[in-house]
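Engineer: Submitted below is the structure of interest, expressed as C-alpha cells.
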Amino acid sequence: MAPSKVNSAGDASVSCSQPENGFLNSLSLLSSEKAVQELLQQSPVQSTDDHLIEFSDAMRTVAKALRRAAEGKASAQAEAAEWKRKYELERARNLHLEHKGYNFYEKLESWWTQSSLCNAMGMIRFMLPCLFCLENCKERDRKISEEQSHRENNGDDERTKNLASRSNEQSEQCCGSNGICSHEVLRDGDRDSASKVVPNKFARKASFKLSWCCKGDQSDQHKHDIVSFERGNITTAERSSKQISLKWESQPQTVIILTKPNSTSVRILCAEMVRWLREQKKLDIYVEPRVRAELLTESSYYNFVHTWKGETEIMLLHTKVDLVVTLGGDGTVLWAASMFKGPVPPVVPFSLGSLGFMTPFHSERYQEYLDSILKGPISITLRHRLQCHVIREAAKNEYETEGPILVLNEVTIDRGISSYLTNLECYCDNSFVTCVQGDGLILSTTSGSTAYSLAAGGSMVHPQVPGILFTPICPHSLSFRPLILPEHVTLRVQVPFNSRSHAWASFDGKDRKRLAAGDALVCSMAPWPVPTACQIDSTSDFLNSIHDGLHWNLRKTQSFDGPRDA
C-alpha cells in the first residue's frame, strides 16, 4: 500500500504504511489520530457552513474509530504474546515430563487442569471412556513403581516382567469393559508377521433403526407394511393388496338412510328402500327427523323407523349404525360425513344428483347392490378428512381454539365481499411457505381435488392418496402454482396485522367464519377417514367418475384417411 499523507496548511504531514501482517501498527494509528486532531484544530469550523460542520463530525468519528482500533490491536497483541508464552512453557514442560517417563493419565490431567485453550465439550468426549479406568490405571502404575524399586534393590527382573504383563492385561480388561480408551488407535488394520492385513473390529457397516414420528410421538404403526430394512439396506415392501377390502365379521343390523331434501324421486325411492330393508333384510333403520315425518305422513306403516333428537344422540350414532346409505349427489355424502365427528361407518352412496364423483351406485339396481354389500366382502375407498381449528388473536395459548371442524372436500379462505386482495401468511410445520395475495386459498383433500380446487387450477388426485392440496385462488403472481403436501404436516394460515381487510373461512361450503387480523386457521389430517363402498374398485370408480362427470379428455378421434408418413 502506497504511503498516504494528510496535509493541513502545508505544515502537518503524517505517513502510515501497512505492515506485512495486514494490520496497521499502534504508533501509526495513534499518529493518524493526532493528525486528524491537528487538522480539526488548525481548520476552524464556521457554524454557518453546514458542509464543514458535517465534515468535522465525520473527522471526529474517524479519529474515535482509529483510537479504538489502536487500543484493540494493542490488547490483541498483548493477549497473543501471553498465550504464546504459556504455550512455550507448556510445551517445554511436556517435553521434560515425557523425557522422565511421565504417565499418560498424568499428562491428561495436567492438560485438563492447566489448559484453557481446549474445548470443554470436545475434551469430555475424549476423556469420558478413560475416566472409568483412571483409578485402576493409577493403582496399577503405583504397583509397577513399587516393583521396579524392589527390582533395583534385589535384581528380581522376572517378577517385574510378570507384573508388567499382568498390568497390561488389567488395562485391556478395564478399558474393554468401560468403553474405548484414548490409547486405542483406530486404524484400517494391523499387519502380522506374514504381512497379512488383519481387519479392524471397528471397520464395519453401521446399523440403524427406522421409526415413525408424529408430533413428537414415536409409532411403529404400518412399519412392516411400508418398508423393511436389513443390514443397513432399505427396501420398500410389496403391498399384499392394492385395493382395500372390508369383510363383515358379523351381519349388519342397523342402517341409516340420508336423503337429499326437496326431491320427489328421492322421497319415493327412500320409502321403497326402507320397506325392502325391513321386510327382506330385517334391519333396524334410522332416518333424519324430517324424513321420518314425511314417511309417517304417507303411511303409519313406517312407525318402526328410528330417528334422533339433539346433538347428543347424533354424537352416538356411530356406536349404533353399521352402514350408511345416501340418496343424492356428492353434497349428500358431504352432509353424511359431517354428521360423524369421529369414526364413520361404511357409506354406500347412490347417484341421485347432478354430479357424482363419490356416488358410483345407480339407484335402479339398489336391491342388487345392497344385497351384495350386506353379504360382503366389499371394496372400499378411504377418503381422508381435514381437521380444522380457528385460533383467535386474543387466545392465551394454542389450545384455546374453535373447533374442531371436519371437512371432506376443502376449507376455503377468501376475501368475502371486500374489494381488497386477501393477504394470508402460510406456514407448514412452523416453516414459512408463502404469503398469499389474491382472492384466497384452498386447502383440499384428495377427495376434494375434483371440486373447488380443480376449478382454481389444482390437479386431480386419486382419493386414496394421503395428501393435502395447497391451491391459490386467482393469485396475483404468475409463478404461484399449486402444491401437494404430505398428509402428516400441519398447516397454519394467519391473517397478518397489516392486512387491509379481514378474511372469511368456509368448511365444505358452509359454517362460514370471519378471520380478523391476528386470527389463524390450523389444519391437519383427521384420524377418521370416510370409508365409501366401491362398485368395482377404487381406481376404476375414480376414472369412471372423471370420464362421466367431467368428460375428461373427450374429443373425436383423428380421422384415419388423412395424410400419413411415407
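Engineer: Quick check on this structure: which one of Leu421, Leu443 is of a type outside the set (S, T, N, Q), closer than 30 Å to Phe497 by Cα, modelled with pLDDT of 95 or more and in the same structural domain as Ser501 (by the TED database)?
Structural biologist: Within the list Leu421, Leu443, the selection yields Leu443.
Engineer: Looking at Val305, Val266 in this structure, which one is within 29 Å of Gly448 (Cα to Cα) and modelled with pLDDT under 95?
Structural biologist: Only one candidate passes the filter, namely Val266.
Engineer: For Ser501, which of the numbered conditions (1) open to solvent by 40 Å² or more (accessible area, probe 1.4 Å); (2) in contact with a Phe, Trp or Tyr (Cβ under 8 Å, 6 or more places away or on another chain) fails to hold?
Structural biologist: For Ser501, the failing item is (1).
Engineer: How many residues, within region 528-541, are open to solvent by less than 30 Å² (accessible area, probe 1.4 Å) and either polar (S, T, N, Q) or not in a loop (DSSP other than H, G, I, E, B) (or both)?
Structural biologist: Number satisfying all stated conditions: 6.
Engineer: Within region 420-436, can one find any residue that is within 21 Å of Thr332 (Cβ to Cβ), within 24 Å of the chain's Cα centre (by Cα) and crowded, with 20+ Cβ neighbours inside 10 Å?
Structural biologist: No.
Engineer: Can you name every residue in region 417-453 that is closer than 30 Å to Asp541 by Cα and free of Cβ contacts under 8 Å to residues at least 24 places away in the same chain?
Structural biologist: Of everything in region 417-453, just one residue is closer than 30 Å to Asp541 by Cα and free of Cβ contacts under 8 Å to residues at least 24 places away in the same chain, namely Ser449.
Engineer: Out of region 542-566, which residues are over 13 Å from Leu454 (Cβ atoms), surrounded by 10 or more Cβ atoms within 10 Å (Cβ to Cβ) and aliphatic (A, V, I, L, M)?
Structural biologist: Of everything in region 542-566, just one residue is over 13 Å from Leu454 (Cβ atoms), surrounded by 10 or more Cβ atoms within 10 Å (Cβ to Cβ) and aliphatic (A, V, I, L, M), namely Leu543.
Engineer: Under 8 Å by Cβ, and 6 or more places apart or on different chains, what pairs join a residue from region 501-518 that is assigned by the TED database to the domain that holds Gln437 with one that is at pLDDT below 90 and assigned to a strand (DSSP E or B)?
Structural biologist: Lys513/Glu402
Engineer: Cβ-Cβ distance below 6 Å, separation of 6 or more or different chains: which pairs start in region 298-311 with a residue that is within 12 Å of Arg278 (Cα to Cα) and end on one that is open to solvent by 50 Å² or more (accessible area, probe 1.4 Å)?
Structural biologist: Close Cβ pairs satisfying both conditions: Tyr302/Leu296; Val305/Arg292.
Engineer: All but one of (1) closer than 30 Å to Asp322 by Cβ; (2) not in a loop (DSSP other than H, G, I, E, B) hold for Trp504; which doesn't?
Structural biologist: Evaluating Trp504 over (1) closer than 30 Å to Asp322 by Cβ; (2) not in a loop (DSSP other than H, G, I, E, B) leaves (1) as the failure.
Engineer: Look through region 541-561, keep the residues that are among the aliphatic types (A, V, I, L, M) and touching a residue at least 24 places away in the same chain (Cβ under 8 Å), and return whichever of them is farthest from Arg383 (Cα to Cα).
Structural biologist: Step by step, filter region 541-561, then rank; the result is Leu550.
Engineer: On to the next question. Starting from residues that are under 21 Å from the mean Cα position of the chain (by Cα) and open to solvent by 40 Å² or more (accessible area, probe 1.4 Å), keep the ones in region 437-469 and report whichever is farthest from Ile413 (Cα to Cα).
Structural biologist: Val465
Engineer: Does at least one position in region 361-377 carry a residue that is assigned to a loop (DSSP other than H, G, I, E, B), at pLDDT below 90 and open to solvent by 20 Å² or more (accessible area, probe 1.4 Å)?
Structural biologist: yes
Engineer: While we're on this one: Could you check Ala395 against (1) assigned to a strand (DSSP E or B); (2) hydrophobic (A, V, I, L, M, F, W, C); (3) modelled with pLDDT under 95 and say which number it fails?
Structural biologist: Condition not satisfied by Ala395: (1).
The values are calculated or read from the model by the stated rules, or taken from the named source; none is laboratory data. Just so we're clear, the structure is a prediction, and the values are computed from it rather than from any experiment. Note that we place each Cβ from the backbone using ideal geometry, even for glycine, and neighbour counts take in every protein chain shown. Surface accessibility is based on the protein's heavy atoms, side chains included, excluding ligands, DNA and RNA. Shrake-Rupley method; radii C 1.70, N 1.55, O 1.52, S 1.80 Å.
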